[in-house]
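Heads up: the structure comes next, in structure tokens.
No value in this document is a laboratory result; all are computed from the given coordinates. What you see is a predicted model; the values in this text were computed from it and never measured. Heads up, the Cβs are rebuilt from the backbone with ideal geometry, glycines too, and the neighbour counts pull from every protein chain shown.
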Amino acid sequence: MQELMLAKAKELLQNGTVNRVLGWQAGEFVYDITPAVFESEQDLDAGFVYNEFCGNNLSKYLIKESRKEGKVLAFLKPCDTYSFNQLIKEHRIIRENVYVIGVPCEGKTDGETLKSKGVKGILGAKSEGDELIIDTLYGEQRLSKRDALTARCLTCKSKKHVVYDELLGEEGEEVPENHRFEEVEKLEAMTPDERFAFWRGELSRCIRCNACRNVCPACSCEKCVFDNPASGISQKAAADSFEENMFHIIRAFHVAGRCTDCGECSRVCPQNIPLHLLNRKFIKDIDAFYGEYQAGEDTESRAPLTNFTYDDVEPSIVYKGGKK
Amino acid sequence: MQDVNQFKPKIVAFCCNWCSYAGADLAGTNRLQYPADVKIIRVPCSCRVNPMFILRAFQRGADGVILCGCHPGDCHYTTGNYYARRRMTLLFSMLDYLGIEKQRTRVEWVSAAEGAKFAATMNEFVAAVTQLGPNKRLEDLRCKN
Amino acid sequence: MKKLPVSKIQELFAAIRAQQTLYIPTDDASGQARYLPWQEGMELTHALNTVRSAKDFFFPQTENLVEFKLKGKEIEIIDSRTEQDDFVIFGVRACDARSFTILDKVFLIDPIDTYYKNRREHGTVVTLACTQPEETCFCTTFGIDPADPEGDAACWIAGDSLYLKARTEKGEKLLSALDNLLADADEGEIAAQQKATRDIAQKLPFAKLNLAGFNGENLNKLFDSKKWPELSEACLGCGTCTFVCPTCQCYDIRDFDTGHGVKRFRCWDSCMYSDFTLMAHGNSRNSQVERFRQRFMHKLVYFPANNEGEYGCVGCGRCLAKCPISMNIVKVAKALEGEVQ
Amino acid sequence: MMQETLIPKLGVVTDIRIDTPDVKTFRVVGLDGKKVFDHMPGQCAMLSIPGVGEAMFSITSSPTNTEFMEFSIKKCGCLTNWLHAMDVGQQITIRGPYGRPFPVETELKGKNLFFIAGGIGLAPLRSVINYVRDNRQNYGKIKILYGSRSKQDLVDYHEILDEWMADDNVEVYLTIDRPQDDWDGHVGFVPNYVKEIDLDLDYNVLVCGPPVMIKFTLANLKELGFQETQVYTTMELRMKCGVGKCGRCNIGNKYVCKDGPVFRFDELDQLPNEY
């Protein structure tokens, strides 16, 4: 696939269709891939890469890139295309300046996931059939590709692109049986005390690095409420348990109905807080209360929170239960 | 004799200017009793209240927060309360998900003519929150003592 | 040098705990390695290092500096600090141990930061030599020997024994209080283990990282490098690298209005944040290129220029593992290498 | 007891003078009515209103004033707005003095001095000017060039008229940007006026003002033949701690709060261009 993409990128650069290419750049290890903009064929040859470690969602970079001169080629994975569509809907990306090529994705892995499976001292990795053969400082290790998948890819909602100008490889299928709300349901089944203890344990680890916010394609405000000193929130101080709750509730709320469930927030969290469980709760509630809605599926529909019907459920459904 | 240590909850009530605030006013002029610990904050419309208002009220010492607005369909701005309804439903559900007692938050639609409903709602809400005890799960320790 | 069987490590912890608070790196409920106060039965983590660095012990993420009460035009200043109790941090890795030396060079130079000093004086650092360095480790670049860590006392696990050696007065005091648990040992007993670790350290991908040209003399040359825009292109402007870094020490001072007074606290800050240098009249570092440059220039150039060549990095590898876009100090150093050699 | 750098002292504002539409000068003493601390010209202090903010301000009064300190403050942000709104008798917190002063007792001693200030840039220089005037025997000739947008924007106009201009040992040149009915003095920008003044090169120059003014003034001074080693300025960046630890006023390997705010231009030249 990488060769195919490379050839395509070079061709489009050469014939002047695009001026730049947004893709992934190889790092020092096999897994430390950095999003990068390539301006020439030499650049592409020097570092362009696409493999099972290219997990970064590139769509948010297009806000900046589509405002530069000329046209940019963006390689988007299926889940990235949802974010892309959502950003188009919110008028954040200038569509004419982007040439989208959909690339297939079989699920991604990353260094952290491999390490959580007990792999130490990763020097390199190659895929062989269904297995990932990892060369480490302490010998070779084999991991089935399924086991190496990141948590978000295990509950992938769709391998099908919702938008592209051109598609490379075969189009994938939606995954209706994705079980992505299972963890949310598990939490819902707990008692409030258990839930409180669970979230306290998770959120108390937050170091307020703002990585979840900054990576999120839905968090594209010019100035975030948390950057406003007058908002009364200590943006970078995990000063009190209240501040942690406040930050995460508001962060999730601000993307409610716009979150495409790309999972970047949980991926980047240095403390491995399962932030996607907050977003998914909102998605699940929206589905249940206002009908199925997938953000980023189209560029036309109204987001659930900027919409209503006359017979919406009453908030009392939460504290009294059932009454629709 | 009344127990001096008895817990008296602090309640913040966001009331929309056009209906509920007038409803509260009516409750007052009709000499209807409701606890003095209900602090009313007047807002132009129920949809002026964003989730941060609710959370901030808890941070600053509220034990319960209630939002009152015009009945759906009666909004002075036509549709404001419909948006507020969705917003609060999702927020309350999230608070419950985080293990925060769901009885501490509430939305009621109170018209300008419903002074009695206002007083009754407040009495009922205060009673419910009194039973829960002080807010511990959404408090800011720095604001205590 | 002293030793005790590894199987008796819980007894050792209990004996330390009997005298003062003991923190050890352990796996928390979610399986992450972090320092927690030791309680009976708590085991050392198997992870190489904690996710967060150990700088929290001396420079916590947030701390109250002073409180104020306001009444009309009058202000009352209340110093609400309390004296720190003695505590022991056990199992600090060589890189984190060196980070304390670097933080000392910031906080203990005139004018001394009394908050930091208070904690530093009451803390005893017990280090633990590494046995299985990871690919992200590059502490040897900074002259740190993972097999022979600094600290008030150092430990090694070799075979079935835990070896302990005091390095400072504080360390002596701690070990002498544990004397009845410990047997005498010979330095030779850990030599094989040390050699094994050093051999691995030699084979690490970044063992030969070259920082030769990164010093005050090349300050402007490096600052003016054309590579910064490209390197910082994908930077998200989050504070992950800063907050997991054991040597990042920039902070913010803010006021919190509690409703009945004002608490002035300080908290970690990051030069990667857009409001770091924002003033009423503008911002001296307007784009992420400048903010990104600041962080790496500070660690690789400014700090050594002011501290006899000592870099503001200890090679712990946390930023390598945690950066959301995998851009890190090693990549920056390698990219800029050509500019100065 | 050890010096606590981050815990401030209390001061009280005993006088507020309205200098211009957006500049007020505040007189501050300790609660005991005495000066809170001694300083050297060019040094700064951290003033704060708890709950509003804390910021660095240069001390406008001369060290030779043993009774009180003064701060000339322009209204431009959150804290300064608050300060402008307060009344006499308000307590504030103060800590300092911070930074490296102008080298009035070393490099500048015995020299001819030429002060160039623009707008609120007079604030730090006023401290030096009055210090030098009070120790007149230690210095050579003194020239002061001060310009502002309009006559109303000249800070300390009365002190300039009544004291500096009345002093035979000091030459004062005033200018405003645009002509104005009640102004019969010089009109024009400060950098241009520098070239019009009869000046030999045997002067040390102290410049302070908006960044553009400093930039063009320096260029014109160089054109006249001045060396960078003769010219000093004082800088301003965001600061929080004041003691070179919090990291935000860092330029190259210098911290403005600790190694500055006073720099000689040849020193600034060594630093990366990030201010």
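Annotations
- Among B:TYR77, D:TYR255, the order by Cβ neighbours within 10 angstrom, fewest to most, reads B:TYR77, D:TYR255.
- Gap separating the Cα centres of the range B:102-131 and the range A:246-324, nearest whole Å: 27 Å
- Mean ellipticity per residue at 222 nm, deg cm²/dmol - from DSSP H runs of n ≥ 4 across chain A, formula -39500 (n - 2.57): -9500 deg cm²/dmol
- Lone cysteines, chain D (no partner Cβ under 4.7 Å): D:CYS44, D:CYS76, D:CYS78, D:CYS208, D:CYS249, D:CYS257
- Cross-link partners of A:LYS223 among aspartates and glutamates (Cα-Cα below 14 Å; sequence separation of 8 or more within a chain): C:ASP275
- Taking a ≥ b ≥ c as the square roots of the eigenvalues of the alpha carbon gyration tensor, the range D:113-234 is oblate, as a/c is not under 1.5 and a/b does not beat b/c.
- log10 of Debye I(q)/I(0), alpha-carbon scatterers only, for chain D at 0.12 Å⁻¹: -0.73
- Counting neighbouring Cβ atoms within 10 Å and putting the fewest first, the residues A:ARG251, B:ARG137 line up as B:ARG137, A:ARG251.
- Candidates C:PHE68, C:PHE57, C:PHE292, ranked by Gaussian network fluctuation over chain C, Cα under 10 Å, top entry: C:PHE68
- In summary, the convex hull built on the alpha carbon positions of chain A has an orientation-averaged projected area of 18.8 nm².
- Expected-Rg normalisation [2.2 N^0.38 Å, Cα atoms] applied to the range C:216-340: 1.16
- Full-extension gain in nm, A:ALA230 to A:GLU166, via 0.36 nm per residue minus C-alpha separation: 18.4 nm
- Contact order relative to length of the range A:180-324, as percent, for alpha carbon pairs under 8 angstrom and 6 or more apart: 23 percent
- Lys/Arg +1, Asp/Glu -1 at C-beta; the range C:213-331 dipole; positive extreme among C:PRO324, C:VAL289, C:PHE214: C:PRO324
- Cα→Cβ-extended label distance, 7 Å offset, between D:THR229 and D:ARG136, nm: 3.1 nm
- Taking other Cβ atoms within 10 Å as a rough exposure proxy, D:MET69, D:MET235 sort from fewest to most as D:MET235, D:MET69.
- Computed helical MRE - 222 nm, chain C, DSSP H runs ≥ 4 contributing -39500 (n - 2.57), nearest 500: -8000 deg cm²/dmol
- Charge sum, other residues only, whose C-beta stays under 13 Å from B:ALA113's C-beta, Lys/Arg counted +1 and Asp/Glu -1: -2
- Rounded, prolate or oblate (a/c below 1.5 giving rounded, otherwise prolate when a/b exceeds b/c) for the range C:104-151 by Cα gyration tensor: prolate
- Label sites at C:SER30 and D:ASP177, each approximated as a point 7 angstrom past Cα along Cα to Cβ, lie 5.3 nm apart.
- Assigned charges on the beta-carbon of Lys, Arg, Asp, Glu; the range B:11-138 dipole about Cα centre (debye): 380 debye
- A Cβ-based charge dipole, computed about the Cα centre of chain A with Lys and Arg at +1 and Asp and Glu at -1, lands at about 900 debye.
- Pairwise FRET efficiency - C:ASP79 versus B:LYS136, Cβ, R0 = 35 Å, nearest 0.05: 0.75
- CD proxy at 222 nm, helix term only [per DSSP H run n ≥ 4: -39500 (n - 2.57); per residue of chain D; nearest 500]: -5500 deg cm²/dmol
- Cα gyration tensor, the protein assembly as shown - rounded (a/c under 1.5), prolate or oblate: rounded
- Candidates A:GLN294, A:GLN14, A:GLN25: whichever shows maximal mean-square fluctuation once chain A is modelled as a Gaussian network with Cα springs under 10 Å: A:GLN14
- For the pair C:ALA212 and C:ALA191, a Förster radius of 51 Å applied to the C-beta separation gives a FRET efficiency near 0.95, rounded to the nearest 0.05.
- For a paramagnetic label modelled on A:ARG67 (point 7 Å from Cα along Cα→Cβ), amide N atoms under 12 Å away belong, within the range A:195-223, to A:220-223.
- Centre separation in Å (Cα based) which lies between the range D:162-197 and the range A:127-180: 75 Å
- Separation in nanometres of the label points that stand 7 Å from Cα toward Cβ, at C:LYS226 and D:ASP32: 6.3 nm
- Restriction of the trypsin sites (Lys or Arg not before Pro) in the range D:17-67 to DSSP coil positions whose beta-carbon has at most 12 other beta-carbons within 10 angstrom yields D:LYS34.
- Taking all Cα-Cα distances within the range B:11-138, those exceeding 20 Å account for 39%.
- Summary value for chain D: 18 percent relative contact order, contacts being C-alpha pairs under 8 angstrom separated by 6+ residues.
- GNM top mover of B:ALA120, B:ALA36, B:ALA112 - chain B, alpha-carbon springs below 10 Å: B:ALA36
- Residues of the range B:124-145 with amide N under 12 Å of a point placed 7 Å along Cα→Cβ from A:ARG200: B:136-139
- Relative to the dominant Cα principal axis of chain D, helix D:211-224 is inclined by about 30°.
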